[in-house]
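Below is one structure, written out as structure tokens, with a few remarks after it.
Just so it is clear, none of the values below were taken in a lab; they were calculated from the coordinates. Worth saying up front: this structure is predicted, and the values here are computed from it rather than measured. Note: ideal-geometry Cβ built from the backbone for every residue, glycine included; neighbour counts use all protein chains shown.
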Amino acid sequence: MSCLNLYLASQSLMMSRTVKQFLFTLHLGLSLLLLVHAQDDQSEFISIDCGLQKVTYTETTTKIRYISDASFIDTGESKSVLNKFRDDYQQPYWSLRSFPEGTRNCYNINVTSGIKYLIRASFVYGNYDGQEKAPEFELHLGANLWESIRFENASVAAAHKELYIHVPLRSYIHVCLVNTGSGVPFISAIELRPLINASYPTQVGSLALEMRFDTGQVPTDFEGYRYPFDVPDRFWYTYDHDDWTQLSTSQTTDSGSSNDYQPPPIVMRTAATPRSAYASLDFFWLPTDDKASYYVYMHFAEFEKLRANQSRRQYITRNGQVFYELFAPDYLYTNTIFSPAALSGGQYNFSIRKAENSTLPPILNAIEIYTLKEFLELETNQEDIDAINIIKSTYKIKRTGKEIHVPLKLTCGKV
């Protein structure tokens, strides 16, 4: 069984995303020391270091500029992880904001309505309270449950939660921490990154990251890429499979192209292919929720200059049925193949196969899988938020009670 299959099987009940996403951060501070890139377009980034005093700084490895959360929330307490944890994490995860008071505490963040965003919330416990017991709590987007935050144990209590595809209907969002009676909620960082609106189309709802792999990179001391290599600052994790091998090129991919998904050229310069020239690329995952629906995005780029007598034609199946017809990856340009509708049914066995007349085996450069999130509750009206803020300012009210953010349920009875 592959690394992906074993991992997902072992984590299918509770921690399917938490540990995967923690591993990237654990090694990222060391990995990116050698990865320097010229790109510096952060004009529309929102990078909030929660619990940071009223200062700004530039993170040394990514060169991302972070600001304090003081202007986004007026509740909670600023805390810091223990010093012994700092070497394992980048600076945005050294501080945090905890919320020992109140059931629900919310960040109010201004955004551009109608723009598609990556929204990432990060949590590093770091035994900040000396209790050596990581809490459990809920993360909400407005009035809607985004994710239940649980950690495997206090020593590896860290997680990233990406609500990858979300288009705010208003000029603000609320990121809320909800106390469920199992410990004090906290948060380390909140990051928003604008996306191209044509990317990651869905029929309804938003998308939460399930997994994202650079299949052409095998895990070593290097664990993956993020900004500045990835324009929208996605985390690309390395991947290993016993039956796959890797191809690579030094040539630049997607030069001048307009792929809406913008996979990093450095990711697209490597690809996985079967060890056997006659085999297929097979992968599957085990859903943590049988009722969940998924979107799959696969990225392909040919970087071998094929001779006249060579061809690479391949097709994709899901559960033995054709998922995508025959295609040939373009030379040095990314082709993104995705599910136009959400996938459901509980079985997700994919196979990328070579055509009978293809002389070369199939390839896969990268893959992304997301869970569909349907948020049914609307955000509070902007006029109501403005009125509340005036009242809070006038009467020096610090806390914002849950009644402001939880939707009002109306029932009609007999008069």
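A few comments on the model shown:
- Loop chymotrypsin sites (Phe, Trp or Tyr not before Pro), region 227-289, which have at most 15 other Cβ atoms in a 10 Å radius of their Cβ (DSSP): 278
- Amide H partners (placed H, <5 Å) of residue 149, local residues excluded: 137, 138, 139
- Taken one residue at a time, the phi angles of region 123-128 give Karplus couplings (6.51, -1.76, 1.60, θ = phi - 60°) of 9, 10, 5, x, 6, 4 Hz. Gly and Pro are set to x.
- Region 300-359 and region 170-199: distance between their alpha carbon centers, rounded to Å: 35
- Relative contact order (%) - region 241-329, alpha-carbon pairs under 8 angstrom, separation at least six: 25
- Whether region 162-266 is rounded, prolate or oblate, judged on the alpha carbon gyration tensor where a/c under 1.5 counts as rounded: oblate
- Net charge of neighbours whose Cβ lies under 13 Å from the Cβ of residue 316, counting Lys and Arg as +1 and Asp and Glu as -1: +2
- Net charge of neighbours whose Cβ lies under 12 Å from the Cβ of residue 301, counting Lys and Arg as +1 and Asp and Glu as -1: -2
- Summed residue charge, Cβ within 11 Å of residue 331's Cβ, Lys/Arg positive, Asp/Glu negative: -1
- Value of relative contact order over region 52-200, rounded to a whole percent, pairs C-alpha under 8 Å and six or more apart: 29
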